[in-house]
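The values are calculated or read from the model by the stated rules, or taken from the named source; none is laboratory data. All values derive from a computational prediction rather than experimental measurement. Cβ sites come from the backbone with ideal geometry, for glycine too, and all protein chains shown count toward neighbours. Heavy atoms of the whole protein, side chains included, go into the accessibility calculation; ligands, DNA and RNA do not. Shrake-Rupley method; radii C 1.70, N 1.55, O 1.52, S 1.80 Å.
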Amino acid sequence: MTGRENPLRRLVVLRRIEVLMQAVVLVLAVAWLRIPLDIVPMAAITALLAAINLATQWRLQRGHLAGDGEVLAHLIIDTMTLTVLLYFAGGSANPFISLFLLPATLAAAMLPPRHAWTMAGITLVAYTFLMFWKLPLPPPQGDLARFDELLARATGGAGEHAAHGSSFALHVLGMWLNFVISVGVVAFFVTRMAAALKARERELSATREEALRNEQILSLGTLAAGAAHQLGTPLGTMAVVLRELELNHRDDVELNEDIVLLREQVDRCKQTISQILASTGHGRDDSLQSLPLDACLHRLLDDWQIIRPHAQLCVTLRGPQPAPQIAAERTLAQALLNLLDNAADANAGHPEALRFAADWDADNCRIEILDRGPGVDESSRSRLGKAFYSTKSDPGARPLGLGIGLFLSNATIERFGGQVELFNRDDPQGGACTRVTLPLKRLKV
């Protein structure tokens, strides 16, 4: 019964109404209409049903999950209770006989077809039984004259109605009460079912979106692994050529600085490719050792400064010391590097340094990356984080992008139970803020 509301909870609520109405009808029949019913067994069966409902509610409150078979058993109990009550009150001639439709309807709506047909067969047997075996309903000894008079006016003639007497008036009154109960139960049940169906449709929609996103990530991962394999040879060639240039131009200091920088970038590319190939098919990166959170963030920022040596970065780390120990996967580090790259691209050309602020407590780590770029317009905000959508479309203002970095970063951080928010800064000078919230329980050793 996982993935949807336990139907036994709805049945418990409906049964409360059932017990209440049984008690009310018994009191009215005996106290007002003065029908000489065998009240002891009828009251006893109603009390037994109330006790069963209380016990069921107690079990549900303790976390019990009912299977389809148990729900069917409870519907059978309701049917047997109604059968006993109708046996002492006229059987199939009682206007409440149509209440047998309710358990059959509930079974058809909540249970598999075989259980629904079983319930339909049981109600049919109970109805048939009451056609041949029952105690006749005694005539009322109370005063129904006023109701008889109103009914006669409604039907258009007192003479024809008088021939039926009080029994007909009682039957019509019972039919009215039966309709009130039935319409109330149906309205309650249908509205709850409609709400449950809407909630399930939302869950299915979210599941379909997640499956589509996972399929896109798998496709990108396959392409990345292939590209990593193919880039190994040209990067190796570049490293050899740069080494030869460095040996041949030792006297040119300025050129040597550029060559060293190029070698560092090539080595970084080779390291990244090696990490991609090494982590393919592994759920957790065992090469990363456990580190304090602040040391892990410093290492991340040091790696990023190697990639973006000319980018200015202002770092603020706050949180209780010693910082919690974490062992994050390499994919999470790459996601944060992508977000830093996006912010640096937006901040390009602005004299103010990019700001990286992180604070943590015992449960969460919050990271904010603030830039002074053009910000995010309202029409683009809802689509950011989708595959192959990027705001880097103005060659004169920002580098061109494919929208893959933010998509992968968002998907990776959500996989760790985190959240990525991108919004404009509340500052007259403009800019955007990328906020990342990570639950530390998924990262702690």
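Side notes on the structure shown:
- In the range 44-55 there is at least one residue matching the filter, namely being under 30 Å from the mean Cα position of the chain (by Cα) and closer than 23 Å to Val190 by Cβ.
Okay, residues lined up against (1) in a helix (DSSP H, G or I); (2) in contact with a Cys (Cβ under 6 Å, 6 or more places away or on another chain); (3) farther than 16 Å from Ile181 by Cα; (4) open to solvent by less than 60 Å² (accessible area, probe 1.4 Å):
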position	(1), (2), (3), (4)
Gln22	yes, no, no, yes
Ile35	no, no, yes, yes
Gln57	yes, no, yes, yes
Ala66	no, no, yes, yes
Leu75	yes, no, yes, yes
Val84	yes, no, yes, yes
Ala89	no, no, yes, yes
Ala108	yes, no, yes, no
Ala126	yes, no, yes, yes
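- Subset of the range 320-344 (residues that are modelled with pLDDT of 85 or more and open to solvent by 60 Å² or more (accessible area, probe 1.4 Å)): Pro320, Gln321, Pro322, Gln325
- Some residue of the range 345-355 being modelled with pLDDT of 85 or more, part of a strand (DSSP E or B) and either open to solvent by less than 30 Å² (accessible area, probe 1.4 Å) or not polar (S, T, N, Q) (or both): yes
- Some residue of the range 38-49 being under 28 Å from Phe88 (Cβ atoms) and not in a helix (DSSP H, G or I): yes
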